[in-house]
Amino acid sequence: MPVSWIAASFLLSALVTWLSIRYAYHRNLIDQPGQRRLHSVPTPRGGGIGIVVACAMFFVLPLSGIYPGMTGAAAAMLFGLAIVAAIGWWDDHFGLGVVERLAVHVVAASALAFALLGHDGFAAAAVFAFAIVWSINLHNFMDGVDGILGAQALFAFAVLGCFGSHYARPEFALPVWAAAAAVLGFLPFNFPHARVFMGDVGSGVLGLLIAVGVLWQMQVAETASVSGLIACSAFVIDATCNLLSRMLRGKRWYSAHREHLYQWMTRTGMSHARVVGWYAGWNLFVVVPVLYWLNHDAPARLDHQTGTFLTRADLVAVIGIYSVGIALWIFGKRWCLNRVKSHRHA
């Protein structure tokens, strides 16, 4: 793996992020503290442009320049990345309605899904397009405290990169490690105390690229097919449970709010770093052991007649980890509600 390629992604992301802070102050792109926000000091936004630029250079270019057979996929990916970043950049500057953002996300996801999976049929491409749209938006929803999205994206890319490297799939590993380096270049500006927020420009692109990485992992026959879904479980559980909860209570699910579990944890008085630590704890002490259990004997679990994994262990793992996660989400939400109420009555 070209270490210089990975290092260049890190450095480019850090440089552009640093420049974005100067740009944000110049253009007055500042998030002010408010009722629906969890920060206490004015903070510039849009720093995720550093991740976008680095990923455009070092996530997409390896596909077209180093692996010519993936030129079509690279073009679709660059198109999707560009328009998702552009609509996020516009939203960071001027604000935008839900319908407009969602329409662009659907266009980007459809183009990318049909470029990658069109040969598998309309249904497979449509399902993946829906997954991309949801991934873009759930990662945007979860970008609310210092470092939480960067830490989760770094973990997801690192897991996917380990699979690609271990099973000698450089066309998969190199772009994913470059994306991890781009996130790492941004993180010091956002954690433990944010000097800049990622903004929609960065969160949407990360959601898109993580969805692509999960799809690639599913196509590595030596790995358990659900590994990527398990690696992303912390964010998927929080965002999905919150969305369904708001819909069932008849609330405007698409409007801004502070009802994600990580937001409630912050409202109890936890520091941003401690909240990120809890999510990292789930990843390190629950997700990693399950992924190891699923994949440590991968060659022995291959179905030699079909060339695919037997699904029983995969289903047990993904259902089990999501069931435990949902139960913890419900328990955590109730604990936070009681804690906030007790603080109010104190």
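Summary of computed values
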read-out	value
From the options 63, 96, residue that is outside any helix (DSSP H, G or I) and either of a type in the set (A, V, I, L, M) or within 16 Å of residue 214 (Cβ to Cβ) (or both)	96
Answer residue from region 253-269, given it is in contact with a helix residue (DSSP H, G or I) (Cβ under 8 Å, 6 or more places away or on another chain) and among the hydrophobic types (A, V, I, L, M, F, W, C) and is modelled with the lowest pLDDT among those	253
Those residues of region 315-346 which are under 30 Å from residue 225 (Cβ atoms) and either of a type in the set (Ser, Thr, Tyr) or outside any helix (DSSP H, G or I) (or both), in sequence order	322, 323
Residue within region 43-50 that is surrounded by 15 or more Cβ atoms within 10 Å (Cβ to Cβ), β-branched (Val, Ile, Thr), farther than 25 Å from residue 195 by Cα and touching a residue at least 40 places away in the same chain (Cβ under 8 Å) present	no
Helices (runs of 4 or more DSSP H) fully within region 144-247 counting 2 or more residues that are in contact with an Asp or Glu (Cβ under 7 Å, 6 or more places away or on another chain)	199-218
Contacts under 8 angstrom Cβ, first residue in region 127-143 being crowded, with 23+ Cβ neighbours inside 10 Å, partner charged (D, E, K, R), 6 or more apart	140/200; 142/238
Some residue of region 6-21 being in contact with a Pro (Cβ under 6 Å, 6 or more places away or on another chain), at pLDDT 90 or above and not in a helix (DSSP H, G or I)	no
Region 206-229, subset touching a residue at least 60 places away in the same chain (Cβ under 8 Å) and more than 13 Å from the chain's Cα centre (by Cα), residue nearest to residue 172 (Cα to Cα)	215
Every pair of residues 6+ apart whose Cβ atoms lie under 9 Å, when the first sits in region 313-326 and is without any contact (Cβ under 8 Å) to a residue 60 or more places away in the chain while the second is part of a helix (DSSP H, G or I) and not aromatic (Phe, Trp, Tyr)	320/290; 324/286
Which numbered condition residue 194 fails, given (1) at pLDDT below 95; (2) touching a strand residue (DSSP E or B) at 6+ places or on another chain (Cβ under 9 Å); (3) buried (at least 24 other Cβ atoms within 10 Å of the Cβ)	(3)
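The values are calculated or read from the model by the stated rules, or taken from the named source; none is laboratory data. Just so it is clear, the structure is predicted and the values come from calculations on it, not from any experiment. A quick note on method: Cβ atoms are made from the backbone with ideal geometry, for glycine too, and the neighbour counts reach across all protein chains shown.
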